[in-house]
Each structure stands twice: as structure tokens, then as C-alpha cells.
There are 2 protein chains.
Amino acid sequence: MATTARTFDHPDLAGIELTTVLFALSDPARLDLVRQLAAKGPQTVAQCHTVDPDVPKSTFSHHLKTLRESGLIRNEPAGRQRTITLRRDELEARFPGLLAPLL
Amino acid sequence: MATTARTFDHPDLAGIELTTVLFALSDPARLDLVRQLAAKGPQTVAQCHTVDPDVPKSTFSHHLKTLRESGLIRNEPAGRQRTITLRRDELEARFPGLLAPLL
């Protein structure tokens, strides 16, 4: 493979902790982003940032990291872009009924 | 009334914010306490503290404050004790389906 795109770590299903997920969702900007991903499906990083373009890029990157490390999203290379995906089915398998009331 | 028991502020139903509730639930000790209140009904402060007696009293008091200010619990005088109650029906009215998957 010729790609040099950076790959990020993602917790596997068993490694997703409920309190870590709740913390990730406890920030209004992160909750909005999760809701957008649930409504629209996978988005590029640039599309995600349009949820609240006034958020500084560094803050936005930190939000993505918090969501990824909690297990809520995947952040994966897709050509020259990166795609952000909500791990909805996995979350439902791990914590049934958790996400639906929040979306 | 001759009581001198301290009364605490509690947010009314409309003032309960989803992200504040999620933050309050994102600590393992606080989540355990909410689960105990859901399972056993109202408890005295002393009974609540038995969930994890190794938690220092100051930390435990801070957890109770975070839960009360988020709208998850009531902390009210009852004679010489104080009673902690999960605001389960109110939470269900404000955010249907939120608590059940967590308990």
C-alpha cells in the first residue's frame, strides 16, 4: 500500500467503558457531532467541523480524539480525506438502548 | 417550623440539562450511587456512603452535590438525617428512556 495516512487506535467493543462514553457525550459540541453523524451517516472531518465552525480547530480535534478514544466514533483514512463514523451498531451491542434516547 | 436543617437548591424539571446529567453519570462512583438509589429507593446519606466507604467524606459530599445540581437526585432533610432520592420519574419525563439502560 502506498498510503501514508495516519491510522488511529480505536478501542475494541469489550474495551468500551460506559462512564467514558457518558463523559464523551457530556459536552454539548460532542453531543451535537454524534447527533449529526447519527442523522447523516459518515462524514469527512471537514463536514463534521461545519456543525460548529466557530470552534477552534484544536478544540475540534480534541473533541474528535475524545469521541474516538471513548469508542463512540471511528476516524479512518479514506483517500486524501478522513472519514468519521458513529459506531452505532457496536454501541447498541455493548450498551443496548443507550444511544437512542440521546439522538 | 422549628427545624434548622439546611435546605439545598434543586433545579426544576425544565432546568435539567442533558449534558449536565451525562457528566454527573460519567463518574463510576456517582453512577454506582444512582444505581443503588434506583434499586433500593431513598437512602440516608450514611447509607449512600456505604456504596464505597473508602471514598473520603469530602469526595462523597462532592459527588452528592454534583448529582443534586445536575437534577438527578434530591437531598432533603428528614428529621435528624438527610434523605437522598433519585428523581427517576422526573428524569423520565424530561429525557424519556435515558436512565433505564444505565441502571
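Read-outs: derived from the displayed coordinates by stated rules, not from any lab. As the structure is a prediction and not an experimental result, all values here were calculated from the model. Methodologically, a virtual Cβ is constructed for each residue, glycine included, from the backbone with ideal geometry; neighbour enumeration extends over all protein chains shown.
Computed about the Cα centre, the dipole magnitude for segment B:13-94 is approximately 260 debye when only Lys and Arg (+1) and Asp and Glu (-1) carry charge, each at its Cβ. Stokes-Einstein diffusion of chain A at 4 °C, 1.567 mPa s viscosity, Kirkwood radius from Cα pairs, rounded to a whole number: 93 µm²/s. Rounded to the nearest 20 debye, the dipole size of the protein assembly as shown about its Cα centre is 120 debye, using +1 on the Cβ of Lys and Arg and -1 on the Cβ of Asp and Glu. Taking every Cα-Cα distance in the protein assembly as shown and sorting them into 5 Å bins from zero, the calculated P(r) comes out as 1, 7, 14, 17, 16, 13, 11, 8, 6, 4, 2, 1, 0, 0, 0, 0 percent. Listed by chain and number, the lysines placed with their C-alpha closer than 19 angstrom to that of B:K57 are B:K65; residues fewer than eight positions away on the same chain are left out. Of all the options A:V55, A:V45, A:V34, the one that moves most in a Gaussian network model of chain A with Cα springs shorter than 10 angstrom is A:V55. Applied to segment B:70-85, the Karplus parametrisation 6.51 cos²θ - 1.76 cosθ + 1.60 on θ = phi - 60° returns per-residue 3J(HN,Hα) values of 6, x, 6, 10, 10, 10, 10, x, 9, x, 8, 9, 10, 10, 9, 10 Hz, with x for Gly and Pro. Each of B:L13, B:L86 was scored by other Cβ atoms within 10 Å of its Cβ. Listed from fewest to most, they are B:L13, B:L86. Report summary: the helix-based calculation at 222 nm, which adds -39500 (n - 2.57) for every DSSP H run with n ≥ 4 and divides by the residues of chain A, gives -13000 deg cm²/dmol.
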